[in-house]
Each structure stands twice: as C-alpha cells, then as structure tokens.
Amino acid sequence: MNINKNIVSAEFISRPNRFQAYVKLNNEIIMVHVPNTGRCKEILIPKTTVILREENGINRKTKYDLIAGYKGDKLINIDSQIPNKLVYEALLQRKISKLKKFNTIEKEKMYGNSRFDFKLTDSNGNIYYLEVKGVTYEENGNAKFPDAPTERGTKHLTELIDVKKDGMSAGAMFILQMDNMKSFSPYDSMDPKFAEALKKAKENGVDIFAYECNVGEEFITISNEINVIIK
C-alpha cells in the first residue's frame, strides 16, 4: 500500500494527550494529530524523527497526522487505521493462505455484542469472523500486544470464542507494523486479562495469526507470517 499523500519528516517534541502531539517541522513547532490511542512510549521520545502525512480536511484542527516514528534504525508505523486496510487488501489478493477460500468479504459486521472487522463467507456459505489488531510494541525483535490495557480487545476475544461455539470459524489477526520480527506474543504484564483471553481463544479453536510488514516512509505492506507464542 502506497501512501498517496505528501509525506514529511519532523522532530518529535511531546504528546500532551492521546490524540495530539507537538513536533518541530522546518524550525517551527506545530501541533499534529496522533491516529493511535496506544501509549507508543518507546517510539514517541523527544528528538525522535517522526513521519507526518499531510491531510487537508476542511474541519481539521491540524494539518498533519503523525503516522510513524523511528526506534533506532527501525521505522514503526503507528497509524491505527492502517492494519484493517492492509488486511482487506491482502484478503482481496488472497495473500492469507488459510483464508483464500473466502470470496465474500464484508467489513464491520455485528455478531453478538461485538462489531468484528470482517465477516468472510465462502461459496458453500461457511462463515468466518475476523478481528484485526495493530501492533507497534516490540522488545529485541519480539512483538507484543497490547501496549496499554484493552477491555475492548478482551471482549472481542471472548466473543470470537462464542462464534466458534456457535459452529462458525473465527480468527484474531495481529498486524506488526514493522519488519524483521522474530515472534509475536501477548504482553502479559501489561494486560493479564487480555493475555488469558488470547490463550483461552486459542484453546477453543480461534485462529491466531501474526503478520509483519515491510514499512517505508511512503508505503507499508503485509509481508511474512510470524511465529505466535502463547504460554
């Protein structure tokens, strides 16, 4: 996926709240929008080089979205809207081997009390509910989720189990918004309830996928499936 908007780099200064940050661009300090409610503390560090995408919405308070940041030499995309777009693209292109047979792809479909990212149906009427989560946290090449407690994420996993119990198929797909990862696992100490729910989901037959991405300042695309470790 190419980012078909003006892209510029800036110096990160601070993040006063979840949705706003201050950066230095062309020697001017400006406010930008942060399209990610996670903490991203290990990425958004003062003086870090960050990547901005220019937006021109009429009602916007800021001109740019902060979509990525460098952690050392590694560029990590933090745009929370990107994972769903990447998965949709991959589903259309039949890049996810286990999901190739599903030829009807519907977005944002309700089941029970949850709205799942995708409802997939094959030519025989078999149904598969898929939930997607973007991952921005890593330690020494090992990606983890979440980087902040997520009751909503735990609820999604619980209802994916219900999907399985009702005779359909279900999966949780974690999109690592970075490259060269060794593994993916739940961030147990950050959110023990989510970690336990993920373990229970796997035990009940919910598919757990993790894919890393090739990331550049002006593009991002799903690349390799990564080993999932759930203890």
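The values are calculated or read from the model by the stated rules, or taken from the named source; none is laboratory data. The structure displayed is predicted, hence computed values, not measured ones. FYI the Cβ positions are ideal-geometry reconstructions off the backbone, even for glycines, and counts take in every protein chain you see.
Are any residues in region 67-105 part of a strand (DSSP E or B) and surrounded by 13 or more Cβ atoms within 10 Å (Cβ to Cβ), and if so, which ones?
ILE67, ALA68, GLY69, TYR70, LYS71, LYS74, LEU75, ILE76, ASN77, PHE102, ILE105
Given the conditions (1) closer than 19 Å to ILE78 by Cα; (2) out of contact with any Phe, Trp or Tyr (no Cβ under 6 Å at 6 or more places or on another chain); (3) aliphatic (A, V, I, L, M), and given that ALA143 satisfies all but one, which numbered condition is not satisfied?
Failing condition for ALA143: (2).
Matching residues to (1) over 28 Å from MET190 (Cβ atoms); (2) touching a Ser or Thr at 6+ places or on another chain (Cβ under 6 Å); (3) surrounded by fewer than 16 Cβ atoms within 10 Å (Cβ to Cβ); (4) assigned by TED's automatic domain parsing to the domain that holds ALA148:
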residue	(1), (2), (3), (4)
THR37	no, no, yes, no
GLU42	no, no, yes, no
PRO46	no, no, yes, no
LEU52	no, no, no, no
LYS61	yes, no, yes, no
ASP65	no, no, no, no
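Is there a residue being buried (at least 19 other Cβ atoms within 10 Å of the Cβ) and β-branched (Val, Ile, Thr) anywhere in region 134-141?
Among the residues of region 134-141, at least one is buried (at least 19 other Cβ atoms within 10 Å of the Cβ) and β-branched (Val, Ile, Thr), which makes the answer yes.
For the subset of region 183-211 comprising residues that are in contact with a helix residue (DSSP H, G or I) (Cβ under 8 Å, 6 or more places away or on another chain) and among the small types (Gly, Ala, Ser), which member is surrounded by the fewest Cβ atoms within 10 Å (Cβ to Cβ)?
GLY205
Checking the conditions here, which among ASP65, ASP79 is of a type in the set (D, E, K, R), under 30 Å from SER169 (Cβ atoms) and at pLDDT 95 or above?
The unique qualifying residue is ASP79.
If you take the residues of region 172-182 that are surrounded by 15 or more Cβ atoms within 10 Å (Cβ to Cβ) and free of Cβ contacts under 8 Å to residues at least 60 places away in the same chain, which of them is farthest from the chain's Cα centre (by Cα)?
By that ranking, first place goes to MET181.
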